[in-house]
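K.L.:
Sharing a structure, written as C-alpha cells. Questions coming.
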Amino acid sequence: MNAIKKMILATLFAFAALTANPALAATIHVPDSFLYDAVTGAIDVNTDTIKCGLATSGYTYNRATHTKRSDVTEVTGTGYTAGGQTVAVTVTNNTTLHKLVIDIPQIVWSGSTTITARQLFCYKSRGGASTADELIVFADFGSDVISSGGTFTVNAIAIEYTHF
C-alpha cells in the first residue's frame, strides 16, 4: 500500500505547476531533490519546521545539485539572522480544482534591515548543521532587492501541483 501511495504522490508532483503572487515578480524554482524527499518522507511540509532565508546575488541556483541549505550563499546584514525565519506553511488538497497547493506566507524582516538579496529560499530546518537541511523552493527576484535601514518583504508563494 505504501508503494502505491508513493507512486501516486510521485505522479502528482510530476504534473506540477508553479505560481507566485504576481506582485512578487519572482521566478519560482523547486529543486529536483524536493520530489524525492517528499515521497520518501524526508520532508513533510505539513508538520516539519520550515524556514525561509535570503540568498545573495553572488549565488547561482542549481536545481540538480543544490539539495541542502549549505549549498546556498546566504545574505548577511543588519536586521537579518542567518537561517532566516520560521514560516507557517499550509497545504490544501483542492478536490474541486484537482490540485494540491503549498502556501508559503508573506515574510517580513522589519525594523532597521540593511541587506541586498536576489533570492528567497525555503527549507526543512532540522535544528543543526545546514548540511542536513533539505531545500524546498526558491524564488528568484530577477535582480537585487535592497533594503537600507527599512523593512524587507517577500510576498506569499503558492506551489501548485495539478492532479492528473
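K.L.:
For segment 141-164, give me each residue that is surrounded by 12 or more Cβ atoms within 10 Å (Cβ to Cβ) and farther than 17 Å from VAL75 by Cα.
P.N.:
ASN155, ALA156, ILE157, ALA158, ILE159, GLU160, TYR161, THR162, HIS163
K.L.:
Check whether at least one residue in segment 29-42 is of a type in the set (Asp, Glu), modelled with pLDDT of 90 or more and either within 24 Å of THR113 (Cα to Cα) or outside any helix (DSSP H, G or I) (or both), and report yes or no.
P.N.:
no
K.L.:
Which condition breaks for GLY128 when tested against (1) open to solvent by less than 60 Å² (accessible area, probe 1.4 Å); (2) in contact (Cβ under 8 Å) with a residue 12 or more places away in the chain?
P.N.:
(2)
K.L.:
Run down TYR80, TYR61 and say which single residue is more than 19 Å from THR153 (Cα to Cα) and either among the aromatic types (Phe, Trp, Tyr) or surrounded by 17 or more Cβ atoms within 10 Å (Cβ to Cβ) (or both). Reasoning before the result, please.
P.N.:
Numbers: TYR80 fails: more than 19 Å from THR153 (Cα to Cα).
Going through TYR80, TYR61 in turn, the sole match is TYR61.
K.L.:
Assess whether PHE138 counts as being in a strand (DSSP E or B), more than 15 Å from the chain's Cα centre (by Cα) and surrounded by 20 or more Cβ atoms within 10 Å (Cβ to Cβ).
P.N.:
On the way: in a strand (DSSP E or B): yes; more than 15 Å from the chain's Cα centre (by Cα): no; surrounded by 20 or more Cβ atoms within 10 Å (Cβ to Cβ): yes.
So PHE138 fails the test.
K.L.:
Which one of ASP144, ASP71, ASP140 is over 24 Å from ILE43 (Cβ atoms) and of a type in the set (Asp, Glu)? Can you show your working first?
P.N.:
Numbers: ASP71 fails: over 24 Å from ILE43 (Cβ atoms); ASP140 fails: over 24 Å from ILE43 (Cβ atoms).
Unique residue meeting the criteria: ASP144.
K.L.:
Quick check, is THR92 of a type in the set (Val, Ile, Thr), without any contact (Cβ under 8 Å) to a residue 60 or more places away in the chain, over 12 Å from ALA156 (Cβ atoms) and in a loop (DSSP other than H, G, I, E, B)? Break it down stepwise before answering.
P.N.:
Working: of a type in the set (Val, Ile, Thr): yes; without any contact (Cβ under 8 Å) to a residue 60 or more places away in the chain: yes; over 12 Å from ALA156 (Cβ atoms): yes; in a loop (DSSP other than H, G, I, E, B): no.
No; evaluated as a whole, the condition is false for this residue.
K.L.:
For LEU35, state whether it is buried (at least 18 other Cβ atoms within 10 Å of the Cβ) and within 23 Å of GLU160 (Cα to Cα). Full working, then the answer.
P.N.:
Values: buried (at least 18 other Cβ atoms within 10 Å of the Cβ): yes; within 23 Å of GLU160 (Cα to Cα): yes.
So LEU35 passes the test.
The values are calculated or read from the model by the stated rules, or taken from the named source; none is laboratory data. Bear in mind the structure is a predicted one, so any value in this text is a computation, not a measurement. Cβ sites come from the backbone with ideal geometry, for glycine too, and all protein chains shown count toward neighbours. In case anyone asks, the SASA skips ligands and DNA or RNA and just uses the protein heavy atoms, side chains included. Shrake-Rupley method; radii C 1.70, N 1.55, O 1.52, S 1.80 Å.
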